[in-house]
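See below for the structure under consideration.
Please treat every number below as a calculation from the coordinates, not as lab data. Note that the coordinates shown come from a computational prediction; the quantities given were computed from them, not determined experimentally.
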Amino acid sequence: MSKLVNDVSISLDGYSTGLNQSLENPFGEGVGERLHEWYTQEAEANAKVIERMIDAGAFIMGRNMFSPGRGAWDLDWKGWWGDNPPYHGPVFILTHHEREPVEMEGGTTYHFVTDGIEAALERAREAAGDRNISIAGGAQTLRQYLAAGLLDELRIHIAPVILGAGERPLDDIGDVKLEQVESSATNLVTHITYKVVK
């Protein structure tokens, strides 16, 4: 059976985004480069992690991860990633505002789910078959799935950076028990995989 997994890059003090998120700075001012510098580092540990991150049959993400806007949709907006997003599969976006599916190049189709996290997961499971489902962000989406006991595997990528403020994806999730199953590191990041103990 497929697993629901999440990859999240965080600072040493636990933040996945900084302050003042905007169209120009989707992760907050000065954060994107610092938390995700390891993506471009040529290291076997990183290559394995990146390959696993995108190897999913379906993806779930929050509205904030998909769009800088709030309220009614700007129908011209089709995500941060251009015409050929990296997902190459169905992406289910949690939102309070209905929108028709958006097909992109490379096999990515965005579906907009207005009836909650469990409905999004059910649709993602149908689409993924026996492949994993990945929560593609953001922090609030991860918190909701963790707090609801629906996440199976949490993969944290800790950058040697202290942000001091922003959004922390592991705040207010209740009593979640984790079992470490894997770790690796480079000078830019420590990768830790946890099984969520049900």
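Would you give the gap between the C-alpha center of region 89-140 and the C-alpha center of region 54-77, rounded to a whole Å?
Rounded to whole Å, the Cα centres lie 9 Å apart.
Normalised by the number of residues in region 40-198, what is the relative contact order in percent for Cα pairs under 8 Å and 6+ residues apart?
22 percent
Restricting to lysines 8 or more places apart or on different chains, can you count the pairs in the chain with Cα atoms under 25 Å from each other?
Pairs that pass both the separation and distance tests number 7.
Nearest 5 percent is fine: what portion of the DSSP beta bridges confined to the chain is antiparallel? Intermediate values should be presented prior to the final figure.
Details: 17 of 38 bridges.
Bridges in the chain that DSSP calls antiparallel: roughly 45 percent.
Tell me which DSSP H helices of the chain clear both cut-offs, 30 Å or more of axial length from alpha-carbon atoms and a mean Kyte-Doolittle hydropathy of at least 0.5.
Long hydrophobic helices here: none detected.
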